[in-house]
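Structure first, commentary second.
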Amino acid sequence: MSSIASVPWTSRLTEQDLFLFNEGTHFRLYEKLGCHPTAVEGVAGAAFAVWAPAAQRVSVIGDFNGWNPDANYLDPRASSGIWEGFVPGARAGMAYKYRIASRYNGYVVDKADPFAFAYEMPPRTASIVANLDYQWHDRDWMASRAKKHSLSAPIAIYEVHLGSWMRVPQEGNRSLTYREIAPRLAEHVKKMGFTHVELMPVLEHPFYGSWGYQVTGFFAPTARYGSPADFMYMVDYLHQQGIGVFLDWVPAHFPTDEHGLIYFDGTHLYEHADPLQRIHPDWKSAIFNYGRHEVRAFLISSALFWLDRYHIDGLRVDAVASMLYLDYSRREGEWVPNAFGGRENLEAISFLRRLNEEVYRGYPDVQTMAEESTAWGMVSRPTYVGGLGFGLKWDMGWMHDTLKYFEREPVHRRHHHNELTFRMLYAFTENFVLPLSHDEVVHGKGSLLNKMPGDEWQRFANLRLLLGYMFGQPGKKLLFMGDEFAQGWEWNHEGSLDWHLLQYPIHKGFERWVIDLCSTYRREPALHELDCDPAGFEWIDCTDAESSILAFLRKSKRADDMVLVVCNATPVPRQGYRVGVPRGGWWQELLNSDARDYGGSGIGNAGGLNADHTPFHGRPCSLPLTVPPLSAVILKPSA
């Protein structure tokens, strides 16, 4: 059943490729499997290769053969489980699938290509013959990005859902394309002062309402906003504007749509065969079998693919907690213990460690980030000391405790002071990102603004304080789109952000506050250089629960470089509030969230004040501060 008898065809797959694939250590599978346009003996077409070890026969169906399942059969490659062949007439832009007839139960199915570089526009589900030709222009960014991704660099991330960031109401409220969004997004991010964007998953997904978190195309950007070249253009454009691009990547699970990975060859090929391990109880999606060599190679190849072919600067790995625990969201009797009787998913742990080792081996100038919500140790520590090997970890505990605190009426906050101070007991056990992400403004949770108590003025003041406190804390920063101008409603993926709010002074003032926060964070080494080092933080006073005031120092690698952060979580202004400091002289007020420019009441320290030689808080000098209501104030001593 040769695919083309008249043309001598040489396989792209060497014996070494097959060995490494079956061993689970071939991490550039996108160069070998899937569809690759080529020519054989002057005949234009495409080489196809797909893993389907339980198949009895496999053929390629598509636009090039009238979707005839008998026109182009593939040949099995020894005992590797791979079927391959050359199909004449297959050209870029043509749709195709694999017709797979299993050896079991007469199962026959049409599957999209797991390694396809492009797909039809959803809800259509076929793969598209595509190449990845593109002329990049981001050499300067790529040559310098290692410094920008250092743990001592300022990293302020703007999280974006491309389909709802900005829409075109004049054209049926459609989303922007990759090429349309590139200049608009770059201009906004530069104006705000963020260093990176993080794209919620753009890997192809059949259900738009999953926000990209249920992926069928692990090697293809979604066709909703354009072609692979269009997506490359967007990344390229952002890089040329000095903006890094992180990508949400989802190796924890996949949807059960028939055209996807589920039951691929009539067996549970990518997912667990055991029903107690196969389906995620929360999302009703299939869970990858990390113990299968070829599945590990598939996933790690996907991760490296985006770093290689799309110049992505880092991967935020979604739902890591669900991968680490066998009993995640499961009741007793609904999960299978590991070989030692424990709840830890040993195969997933091994996979994550190898993933991070391969990423940093090939791309030492990027970052991987774990969205991990438990107390699992050493997530962002090297594998050689027993860690998982991530570069950074989202601090979900900080997010939860901080929002819980800020949702309280100020009169009650003095009883919950520990919700803010507790973080410093663990703040340097990992390399943390402080996230205020999309998860906090969906499913009825309301916008950040609407979480804040009080009247309109107090809600805006509370939110300015929250972000001031966030940017003062050690750790990299992440803010979801819309939060930078205090969007009033929770996020709706079917619409655009409420950009019209910026015509109102109170929202415009809030945007100005975020601009100045980002600028100060980037400009002041003390606010970022030791984000992940305990030497960069020092409490001045964490005990004044009655006044709901916190005071702490942030420090850089230079002993004399520091800033003072003072936060007042009550609507009561404090006059002459004494705060101990390590040196006398002039302390400039760098930022004051209560400034009138930001929508505040204008209470402050008139640009700064002198520290006198009154010892306080165990320091030789002190500042008699005016601490505005519901405010964050940042001061810096003169050189």
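The values are calculated or read from the model by the stated rules, or taken from the named source; none is laboratory data. If you're wondering where the values come from, they're calculated on a predicted model, not measured in any experiment. Ideal geometry is used to build each Cβ from the backbone, glycine not excepted, and the neighbour counts take in all protein chains shown. For the accessible areas, the whole protein counts, side chains as well, though only heavy atoms, and no ligand, DNA or RNA atoms are used. Shrake-Rupley method; radii C 1.70, N 1.55, O 1.52, S 1.80 Å.
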Exercise. Could you give every pair whose Cβ atoms fall below 7 Å, whose first residue belongs to the range 391-409 and is in contact (Cβ under 8 Å) with a residue 12 or more places away in the chain and within 17 Å of Leu463 (Cβ to Cβ), and whose second residue is assigned to a helix (DSSP H, G or I) and polar (S, T, N, Q), counting only separations of at least 6 or pairs across chains?
Worked result: Phe406/Asn462
Exercise. Counting only residues that are farther than 22 Å from Glu344 by Cβ and over 16 Å from the mean Cα position of the chain (by Cα), which one in the range 306-325 is most open to solvent (accessible area, probe 1.4 Å)?
Worked result: Arg309
Seminar exercise, completed: Of the conditions (1) under 24 Å from Tyr405 (Cβ atoms); (2) touching an Asp or Glu at 6+ places or on another chain (Cβ under 8 Å), the single one that Leu625 does not satisfy is (2)
Exercise. Name the residues in the range 247-266 that are closer than 25 Å to Phe480 by Cβ and part of a loop (DSSP other than H, G, I, E, B), would you?
Worked result: Val250, Pro251, Ala252, Pro255
For this session: Can you confirm whether the range 489-503 contains a residue that is of a type in the set (D, E, K, R), closer than 28 Å to Cys621 by Cα, out of contact with any Leu (no Cβ under 9 Å at 6 or more places or on another chain) and open to solvent by 50 Å² or more (accessible area, probe 1.4 Å)?
Result: no
Exercise. Has the range 607-614 got at least one residue that is closer than 14 Å to Val565 by Cα and of a type outside the set (Val, Ile, Thr)?
Worked result: yes
Seminar exercise, completed: Of Arg57, Arg12, Arg103, the only residue that is within 18 Å of Tyr270 (Cβ to Cβ), charged (D, E, K, R) and in contact (Cβ under 8 Å) with a residue 24 or more places away in the chain is Arg103
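Considering only residues that are in a loop (DSSP other than H, G, I, E, B) and open to solvent by less than 30 Å² (accessible area, probe 1.4 Å), which ones fall in the range 101-117?
Taking the range 101-117 and keeping what is in a loop (DSSP other than H, G, I, E, B), we get 103-107, 112-117.
Result: Ala112, Asp113, Pro114, Phe115, Ala116, Phe117.
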For this session: Within the range 75-100, work out how many residues are in a loop (DSSP other than H, G, I, E, B), free of Cβ contacts under 8 Å to residues at least 60 places away in the same chain and open to solvent by 10 Å² or more (accessible area, probe 1.4 Å).
Result: 6
Problem set entry | Which listed residue, of Asn65, Asn72, is surrounded by 17 or more Cβ atoms within 10 Å (Cβ to Cβ), farther than 24 Å from Leu18 by Cβ, among the polar types (S, T, N, Q) and modelled with pLDDT of 95 or more | Asn65
Exercise. Is it fair to say Leu315 is in contact with a strand residue (DSSP E or B) (Cβ under 8 Å, 6 or more places away or on another chain) and either over 28 Å from Phe115 (Cβ atoms) or at pLDDT 95 or above (or both)?
Worked result: yes
For this session: Quickly run through the range 176-196 and pick out the residues that are in contact with a strand residue (DSSP E or B) (Cβ under 6 Å, 6 or more places away or on another chain) and either open to solvent by 10 Å² or more (accessible area, probe 1.4 Å) or not in a helix (DSSP H, G or I) (or both).
Result: Phe194, Thr195, His196
Seminar exercise, completed: Residues of the range 327-362 being in contact with a strand residue (DSSP E or B) (Cβ under 7 Å, 6 or more places away or on another chain) and either touching a residue at least 24 places away in the same chain (Cβ under 8 Å) or not charged (D, E, K, R) (or both), in sequence order, are Asn338, Asn345, Asn356, Val359
Exercise. Restricting attention to the range 568-608, and to residues there that are open to solvent by less than 30 Å² (accessible area, probe 1.4 Å), of a type in the set (Ser, Thr, Tyr) and assigned to a loop (DSSP other than H, G, I, E, B), which single residue is nearest to Gly509 (Cα to Cα)?
Worked result: Ser593
Seminar exercise, completed: Per the filter on the range 29-48, residues within 31 Å of the chain's Cα centre (by Cα), closer than 13 Å to Glu84 by Cβ and either part of a strand (DSSP E or B) or of a type in the set (Ser, Thr, Tyr) (or both) are Gly34, Cys35, His36
For this session: Considering each of Asp439, Asp516, Asp533 in turn, give the residue that is out of contact with any His (no Cβ under 9 Å at 6 or more places or on another chain), open to solvent by 10 Å² or more (accessible area, probe 1.4 Å) and without any contact (Cβ under 8 Å) to a residue 24 or more places away in the chain.
Result: Asp439
Problem set entry | Meets criteria (loosely packed, with under 14 Cβ neighbours inside 10 Å and modelled with pLDDT of 95 or more) for Phe48 | no
Exercise. Out of (1) at positive phi; (2) modelled with pLDDT of 95 or more, the odd one out for Ala606 is which?
Worked result: (2)
Problem set entry | Any chance Ala559 is small (Gly, Ala, Ser), open to solvent by less than 50 Å² (accessible area, probe 1.4 Å) and either closer than 20 Å to Ala639 by Cα or in contact (Cβ under 8 Å) with a residue 40 or more places away in the chain (or both) | no
Problem set entry | Where Leu269 falls short, out of the listed (1) open to solvent by 20 Å² or more (accessible area, probe 1.4 Å); (2) aliphatic (A, V, I, L, M); (3) modelled with pLDDT of 95 or more; (4) part of a loop (DSSP other than H, G, I, E, B) | (1)
